[in-house]
1. Report yes if B:GLY174 is assigned to a loop (DSSP other than H, G, I, E, B), surrounded by 18 or more Cβ atoms within 10 Å (Cβ to Cβ) and more than 16 Å from ligand 1 (Cβ to nearest atom), otherwise no.
2. Restricting the search to the stretch B:318-339, which residues are under 32 Å from the mean Cα position of the chain (by Cα) and either closer than 20 Å to A:ARG207 by Cα or at pLDDT below 90 (or both)?
3. Working only within the stretch B:483-502, note down all residues that are closer than 23 Å to B:SER307 by Cβ, in contact (Cβ under 8 Å) with a residue 40 or more places away in the chain and not in a strand (DSSP E or B).
4. Provide a single number: the residues in the stretch B:238-255 that are crowded, with 17+ Cβ neighbours inside 10 Å and either away from ligand 1 (no atom under 16 Å from the Cβ) or free of Cβ contacts under 8 Å to residues at least 24 places away in the same chain (or both).
5. Restricted to the stretch B:441-476, and to residues that are away from chain A (no Cβ under 14 Å) and of a type in the set (S, T, N, Q), which residue is farthest from B:ALA496 (Cα to Cα)?
6. Taking the residues in the stretch A:161-185 that are among the aromatic types (Phe, Trp, Tyr) and either touching a residue at least 40 places away in the same chain (Cβ under 8 Å) or buried (at least 22 other Cβ atoms within 10 Å of the Cβ) (or both) as candidates, determine which candidate is farthest from the other protein chains (Cβ to nearest Cβ).
7. Quick one: count up the residues across the stretch B:256-288 that are closer than 30 Å to B:VAL52 by Cα, among the charged types (D, E, K, R) and in contact (Cβ under 8 Å) with a residue 40 or more places away in the chain.
Amino acid sequence: MSTEAIPAERPKRNYNALFGLTLLALLVLLWIILSVATPSFASANNISNLLRQGSMIAILAVGQTFVIITGGIDLSVGAVVGFATVIVAMLINAGVPIFLAILITLLVGVAIGLFHGFGIVKMGLPPFIITLATLTSLRGIGLLMTNGNSISINNDAFQLFSRSSFLGVPNLFWMVILVGIPAYIFLHHSRWGRYLFSVGSNAEASRLSGVNVQRTIYMAYTLSGLCAAFVGVLLASRIGIGNPTQAEGWELQAIASSVIGGTSLFGAVGSVHGPLLGAFILATINNGANLLNVNAFWQRIITGVLIIVIVYFDGLRRRGK
Amino acid sequence: MTSTAQELHPAPTLEPGRTILELKGLEKRYPGTHALKPINLAFKASEIHAIVGENGAGKSTLIKLLTGVMPRTSGDVIWEGKPAALATPHEAMALGINAVHQEVVLCRHLTVAANMFLGEEASRFGILQQRAMVREAQKIIDDLGFDLPAHVVLGDLTIGQQQLIAAARATVRGTKFLIFDEPTAYLTRKEADQLFTLIRRLKGEGVTIIYISHRMEEVFELADRVSVLRDGTLVGTRNIAETNDAELVKMMINRSIEQVYHKEHFTPGATLLEARNLSGKGFENVSMTVRAGEIVGLYGLIGAGRSEFVTTLYGRHRKSAGQILWEGKEVQVNSEHDAIRIGMALAPESRRDQGLCLNLPVGLNLNLPIYKRISSNLLISSAQEKTEADRQIANLRIKTPTRNALASSLSGGNQQKIVIGKWLAHGAKLFIFDEPTVGVDVGTKAEIYRLFGELLSKGAGIILISSYLPEVYELADTLHVFRRGKLVATHGFHTANHEEILTQALAEKQEKPGGQI
Ligand SMILES: Nc1ncnc2c1ncn2[C@@H]1O[C@H](COP(=O)(O)OP(=O)(O)OP(=O)(O)O)[C@@H](O)[C@H]1O
Ligand SMILES: [Mg+2]
């Protein structure tokens with residue numbers, strides 16, 4: 001049999017990178033168009049604002065992507081963000097040092113993720129169901145804890161963080177980099193990243209190959225919970241209050257960012273840079289629409305159409321090639 | 001179809017010997033692969049035309065073009081004298097072209113009857129006539145001589161039985177031209193005989209048959225003519241009476257093979273694994289040992305409990321009684337993870353369900369069991385990842401454009417090679433191969449058997465499950481025969497003949513599928 005390599009045009013090989021570049025091009029294009037269309041877009045103030053808006057969804061989208069790659073979904077992330085604002089606000093107001101307050105809040109996120117893993121692995125619940133259940137109950141628990149009131153955080157240093165910049169770039173955006181780089185290495189260059197993909201592709205084949213499928217699932221949801229709790233801390237810092245009803249619908253924005261970024265809801269396909277770009281594309285559209293005085297209702301419609309268009313073309317290319 | 005009652009096979013319109021279907025310069029390109037180079041070939045009415053060729057030669061691709069599953073790149077297909085577009089499966093079926101594909105493409109969650117009438121369900125006023133369909137399906141199945149129930153869920157049947165249902169399904173649709181793509185790969189000898197009877201009967205009724213197989217003896221048993229594909233080109237067509245095994249193999253791989261079953265005998269070393277009175281789901285009270293340097297063969301019908309037995313050894317299922325000893329000490333194997341840590345490796349039976357991550361790259365699939373070894377801390381050494389993957393690709397001659405191609409884009413036999421290949425670099429002491437050569441071509445089979453020898457010489461032991469008697473017969477140092485969950489006989493190398501072993505495996509009573517053994 002002939003083993004000489006078939007002249008390959010390297011199919012799929014750089015697919016990820018290529019798709020990432022296309023998204024980046026789309027983002028830049030949007031920025032150029034908006035700079036021309038409205039003078040206020042390119043102002044330093046607005047760009048910082050846009051970066052801040054996009055950052056939090058971007059971090060959520062990264063965690064969400066880990067979960068989606070395993071073939072699951074995490075609907076709870078918005079609720080976890082809201083819940084985390086309450087936890088961190090209460091801790092800080094109770095005089096707990098900021099560093100410790102943040103750490104505890106992050107651990108709460110981890111615990112919620114572990115609980116999801118437990119529900120899926122041990123109780124056999126579908127991811128959609130267990131995370132939906134957490135979504136509603138976390139909001140409820142948060143409301144109980146606060147009696148339905150907002151808690152204003154009386155600590156200026158904590159709030160200053162999200163309003164300041166470093167080297168001219170908003171701190172919140174630095175946080176995206178802080179999360180993004182390890183996430184990238186983890187997903188694309190570590191053993192565990194490979195396992196996320198293999199479990200999403202075929203869990204049975206993975207376990208027969210020695211992959212600890214249960215641990216992989218625990219890990220995905222834990223990371224998603226961790227990201228969400230982290231975003232909760234950032235949000236609390238940004239708006240200065242703890243309120244369990246915050247971040248309503250953010251889970252959908254995170255999923256949308258992830259999907260725009262090339263993640264397949266069937267699992268086993270996804271990256272870190274894709275969802276990050278996806279989140280900033282969404283943020284740009286919202287920001288631009290605001291500046292152009294487009295009705296807020298229209299913004300939602302545009303976002304919906306955009307999701308369909310991008311995912312459709314992505315699917316076309318995947319199949320076509 | 002308006003009522004479930006339908007004539008089994010319509011009278012063909014052509015007398016035997018006339019050309020029914022002709023390929024003129026038929027060609028197919030996938031990105032990165034020229035799967036079929038322009039092919040000219042004519043099929044005669046009511047002949048059985050075998051197509052052989054090594055893995056990735058383009059056999060399944062040809063079938064996909066003829067059944068409208070994939071569009072062709074160029075060329076013409078002439079059906080009964082007129083060009084046919086064959087753009088959709090529907091069009092092919094309307095002409096009377098049907099296929100039983102290499103991988104069963106039916107709905108596993110539906111009943112056998114629902115699958116048989118999928119797409120043309122019987123209904124009255126929009127309400128499905130479920131009971132009538134089951135009755136009708138059962139009639140067809142009985143008529144074909146398959147001993148299978150029509151009311152059970154398809155997924156409860158063995159892969160072989162599913163394949164028979166797929167065949168039955170293909171015969172009920174006014175078929176004039178029927179293609180079988182490696183139909184016997186998962187069939188037991190008995191089921192294969194039932195299928196051959198069906199094929200001969202269809203031929204008698206004027207249906208033209210294309211029969212694809214890697215098993216030469218089947219080709220000589222059934223076919224009138226045989227065509228050989230190599231690397232997407234038609235090397236030649238022969239009348240079956242005017243050719244022989246050696247010539248076909250030579251045409252297929254462009255070299256000759258002296259000996260497919262390469263058997264080296266080693267003096268067995270220490271006992272690696274011992275099962276003592278082991279029972280579990282699907283098998284009962286099985287005892288056996290595997291020593292270093294020997295191949296222990298498990299023969300039996302599909303569903304005889306062999307796969308259940310080994311997956312229990314491997315920790316996938318719980319044992320209900322008995323002991324597992326590893327190197328003389330009792331061990332608890334509670335998960336695959338435990339098994340692998342001890343030193344076992346399992347290449348499972350079903351490549352689609354258990355063996356492969358189809359929508360991931362070939363390289364990732366090959367490296368999956370060894371990522372721990374090729375990463376330091378958590379980070380993977382990408383150089384090692386590449387070398388390991390490329391080594392197995394070369395070792396087993398896996399035909400793929402690059403290690404980054406998705407596993408799903410490989411031909412069936414090449415996918416099977418990944419299932420085997422991923423364990424070769426793992427360094428296990430006991431290898432369990434469950435139907436390792438399903439759909440693999442002769443040349444590669446010989447290669448895999450040679451690799452078995454290599455593993456043995458390094459002191460490993462092998463459990464080899466096969467439903468293909470010659471394979472276990474020629475390779476196993478110890479041969480255990482399973483029947484309905486029990487180990488019923490044990491033989492040494494060549495100490496019993498085929499008939500004896502077959503009788504032991506078959507026994508007097510037939511098993512009822514879909515239920516317990
Ligand atoms: N969907 C696909 N995309 C890209 N390449 C493909 C696809 N399907 C098949 N190929 C390639 O086309 C070639 C022929 O494949 P085909 O399935 O026809 O082989 P085959 O003769 O049926 O082999 P086997 O005996 O292993 O079943 C192979 O090199 C395979 O990798
Ligand atoms: Mg094939």
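1. no
2. B:ARG318, B:LYS319, B:VAL333, B:ASN334, B:SER335, B:GLU336, B:HIS337, B:ASP338, B:ALA339
3. B:ARG484, B:GLY485, B:ILE501, B:LEU502
4. The number of residues fulfilling the criteria is 4.
5. B:SER457
6. Within the stretch A:161-185, the match that is farthest from the other protein chains (Cβ to nearest Cβ) is A:PHE161.
7. Qualifying residue count for the region: 2.
One line per residue, one yes/no per condition, for (1) more than 15 Å from B:ILE420 (Cβ to Cβ); (2) modelled with pLDDT under 90:
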position	(1), (2)
B:VAL362	no, no
B:THR387	yes, no
B:ARG397	no, yes
B:LEU406	yes, no
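The values are calculated or read from the model by the stated rules, or taken from the named source; none is laboratory data. Every value quoted in this text rests on a predicted model; they were computed, and no experiment measured them. Methodologically, a virtual Cβ is constructed for each residue, glycine included, from the backbone with ideal geometry; neighbour enumeration extends over all protein chains shown.
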